[in-house]
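The values are calculated or read from the model by the stated rules, or taken from the named source; none is laboratory data. Everything numeric here is computed off the predicted structure, so don't read it as measured data. In this analysis, Cβ positions are derived from the backbone assuming ideal geometry, glycine residues included, and neighbour counts consider all displayed protein chains. Accessible surface areas use protein heavy atoms only, side chains included; no ligands, DNA or RNA. Shrake-Rupley method; radii C 1.70, N 1.55, O 1.52, S 1.80 Å.
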Amino acid sequence: MEDILGIVMVFGTGMVAVVAFSPIGRAIANRINRKAGVVDSPELRGAVDDLAERVEGLQQQVAELAERQDFAERMLAKAREKGLPAAGGAA
(Lines give C-alpha, C1' and ligand atoms only; values in the text may rest on other atoms or scores of the structure.)
Protein backbone atom coordinates (compact mmCIF):
# COMPACT_ATOMS: atom_id res chain seq x y z
CA MET A 1 0.00 0.00 0.00
CA GLU A 2 2.83 2.43 0.83
CA ASP A 3 4.46 1.72 -2.52
CA ILE A 4 1.31 2.68 -4.39
CA LEU A 5 0.94 5.83 -2.32
CA GLY A 6 4.55 6.80 -3.12
CA ILE A 7 4.02 6.25 -6.86
CA VAL A 8 0.80 8.28 -6.82
CA MET A 9 2.57 11.12 -4.97
CA VAL A 10 5.46 11.21 -7.45
CA PHE A 11 3.26 11.17 -10.53
CA GLY A 12 0.68 13.46 -8.96
CA THR A 13 3.34 16.05 -8.13
CA GLY A 14 4.72 15.79 -11.65
CA MET A 15 1.29 16.31 -13.19
CA VAL A 16 0.61 19.35 -11.00
CA ALA A 17 3.93 20.86 -12.08
CA VAL A 18 3.19 20.20 -15.77
CA VAL A 19 -0.25 21.81 -15.52
CA ALA A 20 1.04 24.76 -13.48
CA PHE A 21 3.62 25.74 -16.11
CA SER A 22 1.39 25.07 -19.11
CA PRO A 23 -0.89 27.62 -20.79
CA ILE A 24 -3.75 26.13 -18.82
CA GLY A 25 -1.93 26.85 -15.57
CA ARG A 26 -1.23 30.42 -16.66
CA ALA A 27 -4.88 30.90 -17.58
CA ILE A 28 -5.94 29.65 -14.15
CA ALA A 29 -3.45 32.01 -12.48
CA ASN A 30 -4.71 34.97 -14.54
CA ARG A 31 -8.28 34.19 -13.57
CA ILE A 32 -7.34 33.98 -9.88
CA ASN A 33 -5.52 37.32 -10.16
CA ARG A 34 -8.54 38.97 -11.79
CA LYS A 35 -10.82 37.70 -9.04
CA ALA A 36 -8.39 39.02 -6.44
CA GLY A 37 -8.43 42.43 -8.11
CA VAL A 38 -4.86 42.25 -9.41
CA VAL A 39 -4.59 44.25 -12.61
CA ASP A 40 -1.51 44.08 -14.78
CA SER A 41 -1.33 47.00 -17.19
CA PRO A 42 1.51 49.06 -18.68
CA GLU A 43 0.08 52.25 -17.12
CA LEU A 44 0.13 50.76 -13.64
CA ARG A 45 3.62 49.39 -14.09
CA GLY A 46 4.80 52.82 -15.24
CA ALA A 47 3.16 54.46 -12.24
CA VAL A 48 4.73 51.95 -9.86
CA ASP A 49 8.15 52.48 -11.44
CA ASP A 50 7.72 56.26 -11.15
CA LEU A 51 6.74 55.97 -7.50
CA ALA A 52 9.68 53.65 -6.80
CA GLU A 53 12.06 56.25 -8.27
CA ARG A 54 10.47 59.00 -6.19
CA VAL A 55 10.75 56.91 -3.01
CA GLU A 56 14.41 56.23 -3.78
CA GLY A 57 15.00 59.96 -4.17
CA LEU A 58 13.26 60.65 -0.87
CA GLN A 59 15.38 58.00 0.84
CA GLN A 60 18.52 59.73 -0.41
CA GLN A 61 17.28 63.09 0.84
CA VAL A 62 16.50 61.63 4.27
CA ALA A 63 19.98 60.09 4.44
CA GLU A 64 21.56 63.46 3.56
CA LEU A 65 19.46 65.24 6.18
CA ALA A 66 20.49 62.67 8.79
CA GLU A 67 24.16 63.30 7.98
CA ARG A 68 23.64 67.05 8.31
CA GLN A 69 21.86 66.60 11.62
CA ASP A 70 24.69 64.42 12.92
CA PHE A 71 27.19 67.08 11.86
CA ALA A 72 25.21 69.84 13.56
CA GLU A 73 24.90 67.79 16.75
CA ARG A 74 28.66 67.17 16.80
CA MET A 75 29.36 70.89 16.36
CA LEU A 76 26.97 71.77 19.18
CA ALA A 77 28.56 69.17 21.45
CA LYS A 78 32.03 70.58 20.73
CA ALA A 79 30.81 74.10 21.45
CA ARG A 80 29.30 72.99 24.76
CA GLU A 81 32.54 71.24 25.74
CA LYS A 82 34.44 74.47 25.15
CA GLY A 83 31.86 76.45 27.11
CA LEU A 84 30.77 78.51 24.14
CA PRO A 85 27.16 79.73 24.03
CA ALA A 86 24.87 78.09 21.50
CA ALA A 87 24.15 79.91 18.25
CA GLY A 88 21.28 82.36 18.50
CA GLY A 89 22.23 83.49 21.97
CA ALA A 90 20.37 80.75 23.87
CA ALA A 91 22.53 78.83 26.33
Checklist entry - Taking the Cα centre of the chain as the origin, how large is its charge dipole in debye, to the nearest 20, when only Lys and Arg (+1) and Asp and Glu (-1) carry charge on their Cβ atoms? => result 280
Item to check | Angstrom value of the Kirkwood radius, inverse mean 1/r, which spans all Cα pairs in the chain | outcome: 19.9
Item to check | Surface per residue (accessible, 1.4 Å probe) for the chain, Å² | outcome: 93
Checklist entry - In whole angstrom, how far apart do the alpha carbon centroids of region 50-82 and region 1-42 sit? => result 49
Checklist entry - When the accessible area of the chain is computed with all protein chains present and a 1.4 Å probe, what percentage of it is carbon and sulfur? => result 64
Item to check | Accessible surface of Ile24 - all protein chains present, 1.4 Å probe, nearest 10 Å² | outcome: 110
Next on the checklist: Output wanted: per-residue J couplings in Hz (rounded whole) for region 10-15, from phi through Karplus 6.51 cos²θ - 1.76 cosθ + 1.60, θ = phi - 60°, x for Gly and Pro.
Outcome noted: 5, 5, x, 5, x, 5
Item to check | Between helix 42-82 and the chain: long-axis angle, C-alpha atoms, 0 to 90°, nearest 10 | outcome: 30
